[in-house]
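What follows is a single structure, written as structure tokens, with notes after it.
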Amino acid sequence: MDLSDADLEALLEALQSPQERPTWQLAEEYSRTSSSGGMLTEPPDVFEIDLSQNHGLSDGATARFFSTSMLGSMTNLEPCVASLKVLRLAGCIGLQEQALQVLSDLFSLSQALSQLEDLDLSEIPVPQQSWPPLVQGLSSRKKLRKLALAGTELGRLSQFECTLVAGLLSSLRTLASIDLSSNAFNFLGCKSVAKHLLSAPRSLEDIDLSNNASFPKSKAFEMLDDMETGGEESVSMDFNPIGLVLEVINETCLKRVALANCQLSFSEDLILEDVLQTSLVQSLDVADNPHGESGLRCLVRLIARGGKGMKESHRIKDLKLGVARHELENPASVAYQFSQPNGLYRLNLAYPKHRSVLRLLLKQAEQVTGGKGKEFGCFSQEFLDEKSASVQAMVRKQHGQQAENWEVPSSGILNFAFEVTGWYGPKDSASEMLRKYKQKMRIAVNFRCWSQLCQLLIASTREDAQELFLRTLSHDLSLKLGQVQFLASTCRVMSTSAVVKLLGAIQDVSCSRLLFELVRSVPAAGVAAWQEKQSCSALLYFSSMHPDGQYRLDLSSPPEREAAERLILLSAWRRSISEAQGSVDCSQYGNHESIRNAMLGLGQVRFDSATWQLPKLDHDSKYLDQRHFSFDFVSPRLQLNKAAALTDFAVSSFRRALRQSPCNFRDRLQAFREVAHDLVLFPEQLRSLLKLFPRWHQRFQGTPPAVQPRVEAFCLLYNRTLYHSEVICPKLMYDSRLFPAKELDEIRSRFGVFHSFDALNLHDPKSNGGNRHGPLNLEANDGWVIAKLMLAINQTEKGEGNFTEATWPDRQPIDLPGSWSEPPHEGELTLTWTSQPDEISLERRKELASKYLGWTFR
């Protein structure tokens, strides 16, 4: 319909002429007749007027129409319209100050529009000066249930009108639905919406804030003419202010929330994950937002939790994602990974996202530890505004409208270390620990929720969006084999990608053959698909029982990232066992970690499983150049049982089987890896097995190959061999007939000086690569321990000139031991050790090697 001013005048005239009044299609008319002549003596019962999208209506004509029809005129003092319940003026762009003033007056009158329930003023460019009277009039409507103010230029010039409209959320006590989309709500507007939502009526179930895409994503200032203070207020912010609204959703009765195209990214999605777990929201529209992989992970976890144990009223039944987009970088973002939450945190509690991070950590710690105060044991090194503090003292449980939630401070800078503990037992094996990890630290998905997630994946028609969503599914979920098979069979086009990316999320199966068959069942058409399937070997051949070896992992590949996560878990598990047993610390940095020589991209990493997290690798992320994670995994000294050592006959059988095998050396090494945890070897048996693998010979030109079979075999079996004193010695490791110089250098660089130092023969030029030792990095644990061991041996043997040609630091000459009772924790030490035969005390050296290095002897 496209009415003109003349059409509107004709309609008004028809309504004012009872004898000629037509049945008007815009309103359902019920006439009452008088007792004389059947003439109409009362205004018609018009329940609905819909003038939407009539762009030709002018301001003055519309003002006259409503004023006359609802208040009467000079010629006809009686109104000709009454009992109006629905008024729709959406798209009437001609309406300006005059018509809006008339409507404001009508709203303010107690009788006019007293029955109004549904008002739509969408797409009307409301002048700034019209908002105060309009809002004042609307606030007096006692029956208004649905209000649409989409695209009315709220906030375009000032946030003042936004704060006025936000007040309607609490003043309209019958309001059920409000549409504020396509406006410009910024910090103060969102803050006011959040404030009034807390006191909104229980009838309010639907709010639409879509297309408020002007939210700033970087440092900005917003000026507001503050009517309360009489001056201008400057607000500094560097976060999306919609987060203020999201944070209070669980304190309302909202069931439908629309936030399409609101620049929602990881920060805002994290707030949604926090609050919607205990809200009544069942329909969520977050389409056309740059969620990125991290943000999608939050939404996927939200859907996946809607299974056993969650109330039906708290489950998201309808999620609109649209086309998944990559994330925009947010300077206020803080690292949080659900499946790997351990780390050092610095939270600005003035930011909604940072408050949500604290609440999510509290919830996760409570779930893993069982609560009742145990959750606070996961927090340490707590400081608030650089003063010692306690998380337990600053937070408390609050009982909201829907469920319990954590109440946290809203100001201050909070620093702490977080480490989830207590989710595995001290006697658990490595495989049992990883199984419990998936139970406690990942979300088991039932088939109803999995079906919902699969529908979201299929709805993403673009290939890049589907790839992004599949990567998202691979991180935090624990899936059944049948669920992955279902997805692969349903989506044939992406079956290979689905299996490869979700392989690491599959719960432990009774037979690894099923995983091999799953990977083999999907096609590998093209080089890219073949490379994807090849990356599965990082998981298919993964050995949790004995993971020692060198790793070069591509963190952008889901299977290899999963392998990295498992190795970090195993290092933390080994660390906890070593600390509990009081074992010698063999780590690189004095933290009992098994991961050494860690490199992320081209940068060295001081690895600590209690605080370090794998970087996220979203599109255009600053971490994309750090996708390659390389390190050596060297288990601490294991307490091997001599009675469990292999017999010579068993070793001979091993040798014969390997010699006769048609497999290449990589496969032979993999076979060893699969059974290494069951092996206990004597040093001479290790030597005989090493000879089955070729060594690099100096007559070969160039550098050694990437895989050196004998080196790999030694690194694999080193910790499965008894008596370290007979392994790290000239008869085995330092035998040039067994390992040439370049292979020996490779072993020493991978093991570090702690695992490769021959304490009994530190004076012998045939061991340790010579009796010139160093440079020893005294900032690292292993270098410092070796220096301290040499000081202890020197003090015991009291020879003259044990230390010669010593330099420290910066290669400056130094006389040792001098005043050193123990070495400093800085600089690099290099020295030559000389001993006379009559000065050497092997028994004392054995005692010190056992004390400092954890060596065992026959």
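The values are calculated or read from the model by the stated rules, or taken from the named source; none is laboratory data. Bear in mind that the values here come from a model prediction, so they are computed numbers and not experimental data. Virtual Cβ from ideal backbone geometry, glycine too; neighbours counted across all protein chains shown. For accessibility, only protein heavy atoms count, side chains too; no ligands or nucleic acids. Shrake-Rupley method; radii C 1.70, N 1.55, O 1.52, S 1.80 Å.
For this structure, a couple of remarks:
- Residue, modelled with the lowest pLDDT, within segment 115-138, restricted to residues that are open to solvent by less than 40 Å² (accessible area, probe 1.4 Å) and assigned to a loop (DSSP other than H, G, I, E, B): L116
- Enumeration of residues in segment 432-449 that are of a type in the set (F, W, Y) and touching a residue at least 60 places away in the same chain (Cβ under 8 Å): Y437
- Residue count for segment 450-460, restricted to those that are without any contact (Cβ under 8 Å) to a residue 24 or more places away in the chain and hydroxyl-bearing (S, T, Y): 1
- Elements of type strands (runs of 3 or more DSSP E) in segment 367-486, at least 1 residues being hydrophobic (A, V, I, L, M, F, W, C): 379-384, 404-407, 413-418
- Breaking point among (1) of a type in the set (D, E, K, R); (2) on the phi < 0 side of the Ramachandran plot; (3) part of a loop (DSSP other than H, G, I, E, B); (4) open to solvent by 20 Å² or more (accessible area, probe 1.4 Å), for K788: (3)
- The set of residues from segment 82-101 being over 21 Å from L172 (Cβ atoms) and either buried (at least 21 other Cβ atoms within 10 Å of the Cβ) or not small (G, A, S) (or both) comprises C92, I93, L95, Q96, E97, Q98, A99.
- Unmet requirement for S556, which otherwise passes all of (1) touching a residue at least 24 places away in the same chain (Cβ under 8 Å); (2) surrounded by 15 or more Cβ atoms within 10 Å (Cβ to Cβ): (2)
- Test: residue in segment 772-784 that is of a type in the set (G, A, S) and part of a loop (DSSP other than H, G, I, E, B): yes
- Residue that is farthest from R346 (Cα to Cα) [pool: residues in segment 371-395 that are exposed (fewer than 11 other Cβ atoms within 10 Å of the Cβ) and free of Cβ contacts under 8 Å to residues at least 24 places away in the same chain]: K372
- Total residues in segment 642-667, condition in contact (Cβ under 8 Å) with a residue 24 or more places away in the chain and open to solvent by less than 40 Å² (accessible area, probe 1.4 Å): 4
- Test: T461 is of a type in the set (S, T, Y) and open to solvent by 60 Å² or more (accessible area, probe 1.4 Å): yes
- Hits in segment 636-664 (condition: in contact with a Leu (Cβ under 9 Å, 6 or more places away or on another chain) and of a type in the set (F, W, Y)): F654
Residues checked against (1) under 25 Å from S294 (Cα atoms); (2) among the acidic types (D, E); (3) at pLDDT 85 or above:
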residue: S474; (1), (2), (3): yes, no, yes
residue: V499; (1), (2), (3): yes, no, yes
residue: A505; (1), (2), (3): yes, no, yes
residue: S510; (1), (2), (3): no, no, no
residue: L515; (1), (2), (3): no, no, yes
residue: R520; (1), (2), (3): no, no, yes
residue: A524; (1), (2), (3): no, no, no
residue: E532; (1), (2), (3): yes, yes, no
residue: C536; (1), (2), (3): yes, no, yes
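- Strands (runs of 3 or more DSSP E) fully within segment 203-282 counting 2 or more residues that are modelled with pLDDT of 95 or more and under 23 Å from G295 (Cα atoms): 206-208, 256-258
- Meets criteria (out of contact with any Leu (no Cβ under 9 Å at 6 or more places or on another chain), closer than 20 Å to E273 by Cβ, open to solvent by 70 Å² or more (accessible area, probe 1.4 Å) and among the charged types (D, E, K, R)) for E366: no
- Among the residues of segment 613-637, those identified as open to solvent by 30 Å² or more (accessible area, probe 1.4 Å), within 30 Å of A580 (Cβ to Cβ) and at pLDDT below 90 are Q613, R637.
- The condition of being outside any strand (DSSP E or B), open to solvent by less than 60 Å² (accessible area, probe 1.4 Å) and of a type in the set (S, T, N, Q) holds for S835.
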